[in-house]
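Q: Attaching a single structure in structure tokens format; questions to follow.
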Amino acid sequence: MMGAATAQTNEEPTSGGTFNTPGYPAATPQRTPSTNQQTNQRGTTGAPDNTIGTPTLRSPQNQNALPGQQNAMRQGQPQQGDTGQRRLEPIPPKPSEFQKFVETATGRMLPVFGASFFTEQGERRSVDNVPLSADYVVGPGDEIIVRAWGSIDVDYRATVDRNGQIHLPKVGSFNVAGVKAAELEKHLRAQIGRLFTNFNLSITLGQLRGVRVFVVGPAQWPGVYTLPSQSTVLSAAAAAGGPGPTGSMRKLSLRRDGKIISELDVYDFLVQGDKSKDMQLAAGDVIVFQPVGPRVALAGAIDTAAIYELKDAQEPVRELLRYAGGAPVLANPNRAQLERVDPSQPKAARFVEEFKLDTTGLQKNLRDGDVLTLLAISPQFANAVTLKGHVAQPLRYPYVPGMRIRDLIPDKDALISPDFYRRKNLLVQVIEDDETDNADVTRAGERSDRADRTDRADRTERTDRSDRTDRTDTRTRPSSRRSAEREEDRAAATRAKKAPAALFDELNWDYAVVERLNEKDLTTQVIPFNLGRVVLQNDPTQNIELLPGDVVTVYSQKDIRVPVARQTRLVSIEGEVAAPGVYQLLPGDTLKTLLARAGGFTPQAYIYGLEFSREETRQRQRENLSAAMARLEALSATQAAREAANRRDDTSADRSAAVSNAATQAQMARLARLQPNGRIALELSPETRSLDALPDLPLEHADRISVPSRPGFVTVAGAVVNNNAFIWKPGRTAGDYVRLAGLDEAADASNMFILRADGTVSSANDRRGFFSFGGIEAQPLQPGDAVVIPNQLGYETWGRALVRNLKDWSQIFSQFGLGAAAIKTLRD
């Protein structure tokens, strides 16, 4: 059976095979080179393997090569004997003069409409073994594979000769030229059936012939091309790279035997897919690119901005927009601009004309050199009122005449932001244990602070950045903001899970604004109103009438700080008090009054060690710690540079500098691990027993008060043998506890300090008596105090330093002695 004919261009065309019949000896295989094979052996280019078409070219060294052929070589077309596997990078075509002219007018280098089709086709390899159409006409050079079984046994490959015939041994020669592929099996079955009966037949097309055509005119790569036999005019145009800068897409002529048999308008194919005039090529055909016709430019608010070629001297705007896919909905239908060159003017002046894209405007004729610009619609909303800020749905709402604030915010539910529900839902979700939660809250705060610092740095840096970097920052900023908001929600929910906390960012009921643009002088008007009186009390005097374009902003107490009396402030009290818990601050509440409301201290309370911490203080401590680390890094770098400048050839000095540098790095690492706690030292007396001794310190939201029980130990840490806690005994001094712990070999006792239970610090530099009497070692300690002995940074002992200095001075004195002796010798 004759199946779908297949173009097997990878197989070498041969004639021969086996042809056996019962009673006859097997025929000797005959393998004679086909026409294409003989041509290839003679050195001319046959049908390519993997390219659309191959120009028949002379050697690049041949000075007789045509200019178009040399251009094809430069453009990377496969040369003689090239199988298409290696392909040079094509040189991009130069812009035409009209493209340069449009660039000066619009600021954009617009592409030529349809040029990308030929560029992509020229870079794409053709597909082998593709099915042929049923109307393919067999001609000289085509290979036919004949297989038959039954009364005869045939497996034979035959190539159609120049006379259009194939030869089958023991059967004869048959004319197959001009037979369509769909009728080839029927045709051969009739011919063989004259001699044999009771046989089955299968006919397949093997390697197809090449068609040699000529591409002339203003093409990208004019020349002689050998194309597959099923190629059409478009195939040849694509192989030649399409029209050049001065070539036309509207008139592509096909000449055969000296006559024009077809004129193809490429726009019909690109816009409508019409291939009715895309005829199949025959050997010797000439494809002629005509000079380009009138051209216009389409730019502005359209996705297919390009250079278009007109078919006639004048075409309406409607046709141009049809080529471009129609006017987009984002183009302003009431305003379009047309720039036109008027040759009748003395200096061929250019003028600008505006018109509407209505029925009349679409009929407006365009001519050569016109630049049509579609303007974008205005981003202005004709009937919108915007609601933003601390609301449930910050959106644009449709405006209706007589609309007021109460219509935009009908009830209190419209003021509950989604953050409240997200934090509330997190309360019942699976969260880690308390320690992990505390770490999460700390990390969330640190990330928030880092984000704040990064934002400040980014704002400073963005003042010196280019517009492209600004646009990139604008794209990435919303993602960072959303991440920070999620961290804040999680931290608030974590705090509220363990104790009552403010999940809702309370509103500023006393102040909200309407922002309005004055159309007379384009100034901005800010109209304040009382949100509570509108929403809660339905006060008509505050229910302002709105206008189209108004922006209503609702603020929370975080956005604009409200008086303390109207704030919801929560303070946590823990430890040795009568009623620990979370208390809401009243106007005028202080540390003393709030503890009195909590029932006062228990008998076990250790008031000297009362811990009072504040979130704002914790943030300031973190900033100071960061500044201290930066200062220490700078000092370390300065010290390293000084030591490098004064370095001597002394191994011990180098070793000492390395040890000191390692100690400095270790100290910086310890500072990096410190976590600020926001504690404020109250400087109380160890004998404090009542509320009256507490200061009248004003409280703020999120303050934390912890009253510990009286401890019975003192801690010694740092460079000591026994880092441990020791029982507190009245009268014991810091030196007594240090002797109990034992100093380490690397201890720097001269810089020891005491961390008091009330949050204060006593260092060795604070008080020094004569001969160290009455110094820090003699200070008595209180329960809960801690003594810290730091490591020494310089490990060179005084004895080694003395020996090294004496050695240096001895060298100086010896050199001085030699110099004096030399002077005395010269005098003598």
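Q: Could you list, in sequence order, all residues of region 503-534 that are within 30 Å of residue 428 (Cα to Cα) and among the polar types (S, T, N, Q)?
A: Hit for region 503-534 is 508, nothing else.
Q: A further question follows. Could you identify the single residue in 321, 330, 298, 338 that is modelled with pLDDT of 90 or more and out of contact with any helix residue (DSSP H, G or I) (no Cβ under 8 Å at 6 or more places or on another chain)?
A: 338
Q: Looking only at region 251-267, how many residues end up being outside any loop (DSSP other than H, G, I, E, B) and open to solvent by less than 20 Å² (accessible area, probe 1.4 Å)?
A: 7
Q: Within region 693-716, does at least one residue satisfy the condition of being farther than 30 Å from residue 599 by Cα and in contact (Cβ under 8 Å) with a residue 60 or more places away in the chain?
A: yes
Q: Name the single residue that is nearest to residue 202 (Cα to Cα) among those in region 142-159 being open to solvent by less than 10 Å² (accessible area, probe 1.4 Å) and assigned to a loop (DSSP other than H, G, I, E, B).
A: Filtering first and then ranking leaves 152.
Q: With part of a loop (DSSP other than H, G, I, E, B), in contact with a Ser or Thr (Cβ under 9 Å, 6 or more places away or on another chain) and among the small types (Gly, Ala, Ser) as the only criterion, which of 293, 326 stands out?
A: Being part of a loop (DSSP other than H, G, I, E, B), in contact with a Ser or Thr (Cβ under 9 Å, 6 or more places away or on another chain) and among the small types (Gly, Ala, Ser) holds for just one of 293, 326, which is 293.
Q: Same structure, new question: Search region 601-621 for residues that are under 22 Å from residue 691 (Cβ atoms) and pair each with any residue that is assigned to a helix (DSSP H, G or I) when their beta-carbon atoms are under 7 Å apart and the residues are at least 6 apart or on different chains.
A: Short answer, once both residue conditions are applied: 601/607; 612/591.
Q: Just the residues that are under 18 Å from residue 196 (Cα atoms) and assigned to a loop (DSSP other than H, G, I, E, B), please, taken from region 160-183.
A: Within region 160-183, 169, 170, 171 qualify.
Q: Still on this structure: Tell me yes or no: at least one residue of region 318-330 is open to solvent by less than 60 Å² (accessible area, probe 1.4 Å) and either within 30 Å of residue 214 (Cα to Cα) or in contact with a Cys (Cβ under 9 Å, 6 or more places away or on another chain) (or both).
A: Scanning region 318-330, I find at least one residue that is open to solvent by less than 60 Å² (accessible area, probe 1.4 Å) and either within 30 Å of residue 214 (Cα to Cα) or in contact with a Cys (Cβ under 9 Å, 6 or more places away or on another chain) (or both), so the answer is yes.
Q: Hey, another quick one. Is there a residue being touching a residue at least 60 places away in the same chain (Cβ under 8 Å), charged (D, E, K, R) and on the phi > 0 side of the Ramachandran plot anywhere in region 169-187?
A: Scanning region 169-187 turns up at least one residue that is touching a residue at least 60 places away in the same chain (Cβ under 8 Å), charged (D, E, K, R) and on the phi > 0 side of the Ramachandran plot.
Q: Identify all residues within region 510-556 that are in contact (Cβ under 8 Å) with a residue 40 or more places away in the chain, open to solvent by 30 Å² or more (accessible area, probe 1.4 Å) and closer than 17 Å to residue 411 by Cβ; write none if there are none.
A: Listed by number, the residues that qualify are 536, 538, 542.
Q: If only one of 301, 313 is of a type in the set (Gly, Ala, Ser), touching a residue at least 12 places away in the same chain (Cβ under 8 Å) and exposed (fewer than 15 other Cβ atoms within 10 Å of the Cβ), which one is it?
A: From the options 301, 313, the qualifying one is 313.
Q: Something else: Please work out if residue 746 is in contact with a strand residue (DSSP E or B) (Cβ under 7 Å, 6 or more places away or on another chain) and either surrounded by fewer than 20 Cβ atoms within 10 Å (Cβ to Cβ) or without any contact (Cβ under 8 Å) to a residue 24 or more places away in the chain (or both).
A: Here the answer is yes, as residue 746 does meet what is asked.
Q: Taking region 184-208, which residues are part of a strand (DSSP E or B), more than 60 Å from the chain's Cα centre (by Cα) and not hydrophobic (A, V, I, L, M, F, W, C)?
A: 200
Q: Here are the criteria: (1) open to solvent by 40 Å² or more (accessible area, probe 1.4 Å); (2) in contact (Cβ under 8 Å) with a residue 24 or more places away in the chain; (3) out of contact with any helix residue (DSSP H, G or I) (no Cβ under 8 Å at 6 or more places or on another chain). Tell me which single one residue 680 does not satisfy.
A: That leaves (3) as the condition not met.
Q: Something else: Do any residues in region 347-375 that are of a type in the set (Ser, Thr, Tyr) have Cβ atoms under 6 Å from those of residues that are in a strand (DSSP E or B) and open to solvent by less than 40 Å² (accessible area, probe 1.4 Å), where the two are at least six apart or on different chains, and which pairs are they?
A: Taking only residues 6 or more apart or on different chains, the pairs are 373/299; 373/300.
The values are calculated or read from the model by the stated rules, or taken from the named source; none is laboratory data. What you see is a predicted model; the values in this text were computed from it and never measured. A quick note on method: Cβ atoms are made from the backbone with ideal geometry, for glycine too, and the neighbour counts reach across all protein chains shown. Quick note on the areas: whole protein, heavy atoms, side chains included, nothing else; ligands and nucleic acids left out. Shrake-Rupley method; radii C 1.70, N 1.55, O 1.52, S 1.80 Å.
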